[in-house]
Amino acid sequence: MALVELKGIAKSYQLGRTEVVALRGVDLAIERGEFTVVMGPSGSGKTTLLNIIGCLDRASAGSYKLDGEEIGHRDFNDLADVRNRKIGFIFQSFNLIPVLDVIENIEFPCVIRGESRKSLRERVMSVAKDVGLENFLKHKPDELSGGQRQRVAIARALITQPQLVLADEPTANLDSKTSEQIIDLMLDLNRKQHVTFLFSTHDPRVMEHARRVVRIADGLLVDGTEHAAAEAAHMHSVVH
């Protein structure tokens, strides 16, 4: 059974008197343990697709099953609960809370859902060590490098023990060396802890390591089984 199963997912918005169609019947399955990239130009429907998978938005039509559970038609309160229990997010702008230190930023999603800091502490320490932050636990975000901030964001995404981690351009604000380190870290988490990653990115370095690249254009999947290395080679040729 696929972890994510989308069938006939459509999404349209009303913009004044105009109906904007973002997705036009998307079918997509993501297996547990995948390391998959969704790519597409601006306006392709990529962000809408990730928002629906991440339970930040609802489809206008179609079926969305997460871990075998139909969630596509639930109200936003129920979606928030599913999101908090099963999905982690990594954003390109890190979205850390400036007044909180590394420990407090990592544990924040769990504190919000009612877990006590005392019971969380051992798990926070373990996740912080996994992402190489054990020597920076009391640092505030403005005392960290970009790569270290992204490591905090990754740890925060993992602390809830999600079944799926969505990463929106996770290397966009990082230099090449730091990007490579972050990609290696996520690959290591994918291999050793079987964390399922779904990326939105244009970074060919991420594509090189992905199991597959899902390309989207005009609200439709162009090819759901594109081999990642071939797509990355194409992107390198475009860049250079």
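Since every read-out is calculated from the coordinates, none of them should be taken as a lab result. The structure presented is a predicted model; accordingly, all values stated were derived computationally and were not measured. Reconstructed Cβ throughout: ideal geometry from the backbone, glycine too, with neighbour counts over all protein chains shown.
General remarks:
- Each residue, S119 and S12, gets one label point 7 Å from its Cα in the Cβ direction; the gap between the two is 4.6 nm.
- Stokes-Einstein diffusion coefficient of region 31-76, Kirkwood radius over Cα pairs, 37 °C, 0.692 mPa s, in µm²/s: 276 µm²/s
- More than 34 angstrom apart: percent of Cα pairs within region 4-239: 16 percent
- Antiparallel bridge percentage (DSSP; both residues within the chain; nearest 5): 55 percent
- About the centre of its Cα atoms, the chain shows a dipole size close to 400 debye [charges on the beta carbon of Lys, Arg (+1) and Asp, Glu (-1) only; nearest 20 debye].
- Placing dummy labels 7 Å off each Cα toward the beta-carbon, the span from E19 to H194 is 4.3 nm.
- Charge-dipole axis of the chain as Lys and Arg at +1 and Asp and Glu at -1 on Cβ define it, positive-most pick from L187, N135, L174: N135
- A dipole drawn for the chain from +1 and -1 charges on Cβ atoms has a positive end, and of A22, L79, F197 the residue lying farthest that way is L79.
- Taking the charge dipole of region 1-116 about its Cα centre, with +1 at Lys and Arg Cβ atoms and -1 at Asp and Glu Cβ atoms, the residue from G68, G40, V111 reaching farthest to the positive side is G40.
- Between the amide H of A61 and those of A10, distances stay under 5 Å, these residues lying 5 or more places away or on another chain, with hydrogens modeled in the peptide plane.
- Greater than 22 Å apart at Cα, pairs in K11/K46; K65/K192; K129/K192; K7/K46; K118/K140: K65/K192
- Here region 1-112 is assigned +1 on the Cβ of each Lys and Arg and -1 on the Cβ of each Asp and Glu. Its dipole about the Cα centre then comes out at about 460 debye.
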